[in-house]
Amino acid sequence: IGDLGAQRISNGLALNTKVTELILVDAGIGPSGTQALAKAIQNVTLLDMSINPIGLAGLNAIANILQDNSCRLKTLILDGCGINMFGARSISKALSKNTSLEKLSLACNNIDDEGMCALAKYVTKTKSLQSLDISYNHISDVGKKAIIDACSENNSTLSTFHIHSPSIDDNCAIALAEVLSGNTTLTDIYIGGEILGDAGVQYIAEALKFNTTIRTLAINPGRVTPDAGQAFGEMLRHNNTITRLTSIHSHGNIVDLGAQRISDGLALNTKVTELTLVNAGIGPSGTRALAKAIQNVTLLDMSANPIGLEGLNAIANILQDNSCRLKSLILDGCCINMDGARSISKALSKNTSLEKLSLACNNIGD
């Protein structure tokens, strides 16, 4: 689309009062196109301009709109726009004067520690922001600590926080765990990192044993053992508020033992309705254990696990049970073959609740 196309869209928007959501992703829009659009988004509540080279001039134009009392933006997504320290400062300054923005995503940019510290100051004081994603930026422990501490100090509005990056480690998780021990507004946490290991998982799980506000825990560690499964299981024994547990792994080290420990916790938990354990190295015995404990689960995603025919049969048996509550079943990349397809098909012929089934990337033949 480029700047010229963005200017033409802007001309139309200037005469249009109905468009409230504008998404122009990877459209080659630079500073001048962004400036033109910024002048015409008076009625827009959601703006997503991710993966556009908007430059500092373009970002400043958006920042100026955010400071306008007539600004209606509630969601701003600028992922992968090359935003650096100066851009983070600009957006932070603007947001300090904004009272309407509820969701901000600045993932996959070039924000460094100084820029993140500027953003943290805004997060500490905001009375409107509910969701923040700062994943995959260029920050060290200084930047991570600043933004996590800001989440702690903002104990009034912020409910959803995303922090993923290859450099996220146990220290970062431990800092977040300290926040979770006292925070009463965060409801959805997403954290992941290539060097995040058992210790980080264990600290977060321990903090959540007695947390009464978290509803979603999505934790994607890169260096864990079955001990992480043990930590999840112990957490589930005590926590009565988490409804969605997601763990997507880089190296599949939860394995059957960890799955069995998670199963032990699930057996005593009536609140978890969505369970996602992807690429966790869970085989037949771990799958069988989990199948016995998902009585309240409505979404199960075990993609990229070597569950085998035995594991699949265990899930198939659950599907045939009249008490089965599963509505979504995702088993992508589980090496399911003809026999597995037959097993699941037979089970589904007797199931009346499943609404979504995904068996992509398997070995099912004609």
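Only the coordinates and a few stated rules stand behind these numbers; no lab work does. Owing to the predicted nature of the structure, the values given are computational and were not obtained by experimental measurement. Counting neighbours? That spans all protein chains shown, and the Cβs are built from the backbone with ideal geometry, glycine included.
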(request) Would you mind computing, in nm to one decimal, how far apart the modelled labels at residue 357 and residue 57 are, each placed 7 Å from Cα along Cα→Cβ? (result) 5.6 nm
(request) Work out from phi, with θ = phi - 60° and the Karplus expression 6.51 cos²θ - 1.76 cosθ + 1.60, the ³J(HN,Hα) of each residue of the stretch 48-60, listed in order in whole Hz, and give x for Gly and Pro. (result) 10, 10, 4, 6, 10, x, 6, x, 5, 5, x, 5, 4
(message) Quick check on the exposure proxy: order 278, 25 from fewest to most C-beta atoms within 10 angstrom.
(response) 25, 278
(message) Per residue of the stretch 224-230, what does 6.51 cos²θ - 1.76 cosθ + 1.60 with θ = phi - 60° give for ³J(HN,Hα)? Whole Hz please, x for Gly and Pro, Karplus curve as stated.
(response) 10, 10, x, 4, 5, x, 4
(request) Go through (1) 139; (2) 160; (3) 181 and flag the label whose value is the computed volume of the Cα convex hull per residue in Å³ for this structure. (result) (1)
(message) I need the phi-derived Karplus couplings for the stretch 178-193: 6.51 cos²θ - 1.76 cosθ + 1.60, θ = phi - 60°, integer Hz, Gly and Pro marked x.
(response) 4, 5, 5, 5, x, 6, 10, 10, 5, 10, 9, 10, 10, 9, x, x
(message) With just the Cα atoms defining each centre, how far is the stretch 18-89 from the stretch 291-312? Give it in Å.
(response) 42 Å
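Assigning unit charges at the beta carbon (Lys, Arg +1; Asp, Glu -1) and nothing else, what dipole magnitude in debye, to the nearest 20, does the stretch 1-165 show about its Cα centre?
Values: 14 positive and 14 negative charges, 115 e Å.
I would put it at about 560 debye.
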(message) If I take every Cα pair under 8 Å that is 6 or more residues apart in the stretch 167-365, average their sequence separation and divide by the length, what percent do I get for the relative contact order?
(response) 14 percent
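Do me a favour and compute the ellipsoid semi-axes for the stretch 181-302 from its Cα gyration tensor, root of five times each eigenvalue, largest one first, whole Å. Mind showing how you got there, number by number?
Numbers: eigenvalues 77, 59, 28 Å².
Over the Cα atoms of the stretch 181-302, the ellipsoid semi-axes are 20, 17, 12 Å.
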(message) Going Cα to Cα from residue 127, which aspartates and glutamates come in below 14 Å? Please leave out same-chain ones fewer than 8 positions away.
(response) 102, 153
(message) Give the lysines reachable from residue 292 as a straight Cα distance under 22 Å; neighbours fewer than 8 places away on the same chain don't count.
(response) 271, 327, 346, 350, 356
